[in-house]
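One structure below.
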Amino acid sequence: MRRLVVPLLVLAAGVLPAVAHDSDAISVARKIDFPKLLDGRAVLAVDLHTHSVFSDGSVWPDVRVEEAKRDGLFAMAVSEHLEYQPKAADIPHPDRNRSFEIARQAAEVKPTATGDNRNPLLVVNGAEITKAVMPPGHINAVFIQDANRLRSPDIQAQMQEANAQGAFVFWNHPYWTSQTPNGMAAMTPVHADFIRKGWLHGIEVANGADMSDEAFRIALDNNLTILGTSDIHGLIDWDYDLAGGGHRTATLVLAAAETADGVKAALRAGDTVAVYNDNLIGKPANVEAVVRASLKLEVDTALPRTSVVAVSVTNESPVDYILENLGPEAAYDEGHVFTVKSGASFTLLIKNVPDPSKLQLTFKVLNTYIAPREHLTVRLADATP
């Protein structure tokens, strides 16, 4: 969500509910923790769009760090607005890297750290180029070296400088109604030129509470990296139903190395899946890789004196999978659509199975998107060694 009017300024973490201890159940459920892919790559949750009081957010940067650690993120970017600085009179900061420096220091694991603060977190320097009109609208540059050098009224100069610093650059919320009244993202000549020049590498298909089919189509048609971000201004705990098993909007980076360079390489290669409202959004191969790594099938023997076979579907991901059984194999005891809860198994009785050793089931995963309004279909066989 984009909030340009903020009702509350909080300068210290100690007075906020964010620092209260989560219950054990919430502490586990809120983490965006997916198993490694079958090819060995790591699935790293990152949030590349966040704000603090150093632009128009409500909290000090160390609160952002604690939230990220609680959510099990591998990395978060500090991406304060360059042009929009509503708190400058109260918090003057001529060095636009200051928010990043505070967050980076807060992320260092102290010898006395307890709980989630013992978890490492990669803090990435970033900045949000904030133009009032579309195009170009808002653009994030992350993995930058110096935000101060991006301050310019000239968008061309800003894009060129960001890329000169080796940044990963993406188009923010291109469907935001404050700049796009019909709520529909559309390619513009300005953004097409940035893509042609190699200056624009990704696009948000999901931002906070919003998702855009049109932005997703732009990503697929222009080979842009697919991203989900929280764009958080208040508290993660305010914006998401963590107690109900929800997660922040974020990006899964499918990385060969669990390092900053590994994340950058995967972002550049487009190896990502956006997480939005516990939906997985991305290119077909990437979504399928995540699903196959976290959804397992186990076929039991037939029930006595029948050809009805018990099949367990196990979900090792932090999101619930909503599955539709598409194949000719029908369930004896269930309808065609069922949910496999996070960290749990669901057992189906499949009827009329002559040879259980050859059984495979075809599922449409209804909380995935591999194109606008198109879900992943996956065929699973027994994963038991």
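Every number here is computed from the coordinates shown, using simple stated rules; none is lab data. Computed from a predicted structure; not experimentally measured. Cβ placement follows ideal geometry from the backbone for every residue including glycine, while neighbour counts extend to all protein chains displayed.
Numerical summary
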read-out: Point-charge dipole on Cβ atoms (K/R +1, D/E -1) for the chain, about Cα centre, debye to 20; value: 480
read-out: Cα-based helix-to-principal-axis angle, 213-222 vs the chain, degrees rounded to 10; value: 80
read-out: C-alpha center-to-center spacing [segment 188-258, segment 46-123] in angstrom; value: 19
read-out: Value of relative contact order over segment 294-381, rounded to a whole percent, pairs C-alpha under 8 Å and six or more apart; value: 29
read-out: Segment 317-385: trypsin sites (Lys or Arg not before Pro) in DSSP coil with no more than 10 other Cβ atoms inside 10 Å; value: ARG373
read-out: Spatial separation of Cα centroids for segment 348-365 and segment 26-42, in angstrom; value: 27
read-out: Debye-sum result for the chain in log10 I(q)/I(0), which assumes one identical scatterer on each alpha carbon, at q = 0.09, 0.11, 0.13 Å⁻¹; value: -0.54, -0.77, -1.03
read-out: Crossing angle, helix 98-107 versus the chain [Cα axis fit, 0-90 degrees, rounded to tens]; value: 40
read-out: Acute angle (nearest 10 degrees) that the helix 284-294 long axis makes with the longest principal axis of the chain, alpha-carbon atoms; value: 60
read-out: Ranking of ARG292, ARG104, ARG305, ARG268 by count of other Cβ atoms within 10 Å, fewest first; value: ARG305, ARG268, ARG292, ARG104
read-out: Relative contact order for segment 81-204, counting Cα pairs under 8 Å that sit 6 or more residues apart, in percent; value: 21
read-out: Convex hull volume of segment 131-218 per residue (C-alpha atoms, cubic angstrom); value: 94
read-out: Antiparallel content of DSSP bridges confined to the chain, in %, to 5; value: 70
read-out: Range of Cα positions in segment 294-381 per principal axis (Å), largest first; value: 45, 25, 21
read-out: Cβ-based net charge around PHE346, under 12 Å, with every Lys or Arg adding one and every Asp or Glu removing one; value: -2
read-out: Average Cα contact separation per residue, segment 13-282, under 8 Å, 6 or more apart, as relative contact order %; value: 19
